[in-house]
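See structure below.
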Amino acid sequence: THGTYKKIDTNGDGRINADYMTHTAWAGQYQVYATNPPLQYGLNMNASWKGIDFNILFQGSSLFTIYTAPNDAWGYGRYPTLFDKFLDRWHTADPKADPYDPATEWISGRYPALKTSQANTSDQLVTDLWRFDATYLRIKSLELGYTLPANITKMVRIENVRIFLNCFNLYTFCASKDAKGLDPEREEGAYTADLTYPLLRSFNFGLNINF
């Protein structure tokens, strides 16, 4: 059927079943779930010079994968919107054409053709299309500040004045392009880490005055 992926019987047992639900590349090398990744890392750096202060925090994890549920990716009326990447799928050149007619012209895509249900199809098997390397490094926070010289603040009887700009979740570097747009830090859970509200990036401007 057009738009349905073909699974290969790699071990020659004549069956395509749950034994084929993860790519062999992950075997023995990756933890195939996002709960408590086996390798977690972080780096905090700060510096100051002539009243200017800077702080940056990196955080990330590796040696684990994240799963995008193939049936949830299309919504099925439960989600108000879909990510643009899931629109790259097999579809008929003519939207009104019969998808079961062998003569129907198809346009290829990365993801399987949209169906009313994934049940009893090979599309629901967990292959490397749906489970991918979730290695990431995130700029968790960054702050830049400036403290006014004491000889200026003392003139107005203020102990110190500090102006600062900070941001959170500034950018996430991912090993796989499939991890872009999701939150690899989030546990897969019932709806996977890829079908939740995108991670928010926030910016704050502040002023600290001490008398």
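The values are calculated or read from the model by the stated rules, or taken from the named source; none is laboratory data. Note that the structure is a prediction, hence the values are computed from the model and not measured. We place every Cβ from the backbone using ideal geometry, glycine too, and count neighbours over all the protein chains shown. Ligands, DNA and RNA are stripped out before the accessible areas are found, and what is left, the full protein with its side chains, is counted by its heavy atoms. Shrake-Rupley method; radii C 1.70, N 1.55, O 1.52, S 1.80 Å.
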In nm, the gap between the two label points placed 7 Å beyond Cα toward Cβ at Ile8 and Thr104 is 2.8 nm
Could you sort Trp106, Trp49 by their accessible area in this structure, using a 1.4 Å probe and putting the largest first? Trp49, Trp106
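Arrange the peptides 139-148, 159-168, 95-104 so that the one whose residues have, on average, the most other Cβ atoms within 10 Å appears first.
Numbers: 139-148: 16.5, 159-168: 15.0, 95-104: 9.2.
By packing density, highest mean first, the sequence is 139-148, 159-168, 95-104.
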